[in-house]
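Participant: Just dropping this structure here.
The values are calculated or read from the model by the stated rules, or taken from the named source; none is laboratory data. These figures come from a predicted structure and were not determined experimentally. Here the Cβ positions follow ideal geometry from the backbone for every residue, glycine too, while neighbour counts run over all protein chains shown. Note: areas computed on protein heavy atoms with side chains; ligands, DNA, RNA excluded. Shrake-Rupley method; radii C 1.70, N 1.55, O 1.52, S 1.80 Å.
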Amino acid sequence: MRFAATASRRYMRCRGTATAAAISAAAMLATMSWSRSSSTTVDAFGGLPMKVGSGSPKTTWCMEEKPSPPFPSSQRTVPPLRMSDTDPAVVAADSLLEGFECNEKTKRHFEGLEVLLTGATGGLGRALALQLASCGAKTLVLSGRKEIDLKSVASECRTLNPSISIEIELCDLSDLNAAQTMGEMVAISNDIDVLINNGGISSRSTFLETASSVDELVMKVNFLSGATIAKAVVPGMIMRNSGAIVWISSVQGLVGLPSRTSYAASKFAVQGYCESLRAELATSGVSVHVVSPGYIRTNLSMSAIKGDGEAYGKMDDTTANGASPHDVAVKVLESVADGTSDLIVAAGLSAKIAIWLRFFAPSFLNSMLVKRFEKSCDEKN
């Protein structure tokens, strides 16, 4: 809250009492809108470690009025030792899930369903696959570029759920023809109940340093491929009057950061596309869910590309200190089971405040982003 108070004082001197009050209200709402659980995280907007409340809102902008439980639903308490705790299968399952597990309502929701998951080779995609297997999904279609990694994830899923049917589909999401072919083939052989567009790529370059080919590549991988796959599998959902589209976006699809022009554009596209699509499918029995994570402890920054198309190849501190992909995966699936349309997860306090400032004081937010960019330029020099 120190950041919010400082912002309010500065803005009051510049713009007047009314707008400063709006900033203070935004800060208050940003903190009240989230389940509280004290933990040290890395802020998803400013990259500064701070003590914040973790958890997720019911919807993007709603405020929870009821007191939150002392622990997130996804974090299990340690029960007394049971005989089954020494069972190798139980121990292996606990190790794979890293202590995170969906609640019973979510397990019932996904039990027996057929799911197509892109970007399943690692990180959040792997965590989602494991949680879905633990929930009792009937079929998992795992898509990605690296066959050996997909086979490894498939083996882990079978450890959790020996009866699960798993298919592996190699697909490069930057090739829209390949994405269309994969989607059509999967739709023919399976009655897909849930499509999770998780595959994506990040970028690290300024507007002037970014080639148009990189803009196009990021847009294909993060947005156009997902739309292409959806067009292939959603008609079957509509025919069955049941289904769900889950699209992993980003906090940067709500607030664009400097040196992320390509990435922010692709994620803003996802947000707008899904908002329109949700209205179109409202009476068809198909729900549309958008997830906007902050920093997650994955290889996203390692696999990011620079403006010339070369690999960034670095693990950013904000990513290395991000949220557990298993914790995020549980929150994603539980939000879908609850019918939540928009979810912000693993976002720090400054990210939440920045989202509210877009509505209450956009000019002040812009000045903050300018200073962030100038600071990054000074650090490079």
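Participant: If you average the alpha carbon positions of region 119-170 and of region 203-228, how far apart do those two centres end up, in angstrom?
Facilitator: After rounding, the separation between the Cα centres reads 27 Å.
Participant: Tally Lys/Arg at +1 and Asp/Glu at -1 over every other residue whose Cβ is under 15 Å from the Cβ of residue 262; what's the total?
Facilitator: Neighbourhood net charge equals 0.
Participant: If you don't mind, another one. Could you list, in their original order, any pairs among 151/231; 331/371; 138/331; 146/331; 231/314 whose Cα atoms are separated by more than 30 Å?
Facilitator: The answer is 331/371; 231/314.
Participant: Further, regarding this structure: Along region 144-151, what does the Karplus equation 6.51 cos²θ - 1.76 cosθ + 1.60 (θ = phi - 60°) give for ³J(HN,Hα), rounded to whole Hz, x for Gly and Pro?
Facilitator: x, 9, 10, 5, 5, 6, 5, 5
Participant: Given a 1.4 angstrom probe, I'd like the percentage of the accessible area of region 213-357 that is carbon and sulfur, rounded to a whole number.
Facilitator: The computed percentage sits at 53.
Participant: Using the Karplus equation 6.51 cos²θ - 1.76 cosθ + 1.60 (θ = phi - 60°), what ³J(HN,Hα) coupling, rounded to whole Hz, does each residue of region 127-134 give in order, writing x for Gly and Pro?
Facilitator: Ordered by residue, 3J(HN,Hα) equals 4, 4, 4, 5, 5, 5, 4, 5 Hz.
Participant: Right, next: Just to be sure I understand the curve: with the Debye formula and one point per C-alpha of region 152-196, what is log10 I(q)/I(0) at q = 0.23, 0.24 Å⁻¹?
Facilitator: Debye intensities relative to I(0), on a log10 scale: -0.94, -0.97.
Participant: Using Cα-Cα distances under 8 Å and only pairs 6 or more residues apart, what relative contact order does region 194-315 have, in percent?
Facilitator: Working: 198 pairs, mean separation 44.6, N = 122.
After rounding, I find 37 percent.
Participant: Quick one: how many Å² of residue 104 are accessible to a 1.4 Å probe, rounded to 10?
Facilitator: 110
Participant: While we're looking at this one, here's another question. In Å and on Cα atoms, what radius of gyration and Dmax does region 238-381 show?
Facilitator: 17.0, 58
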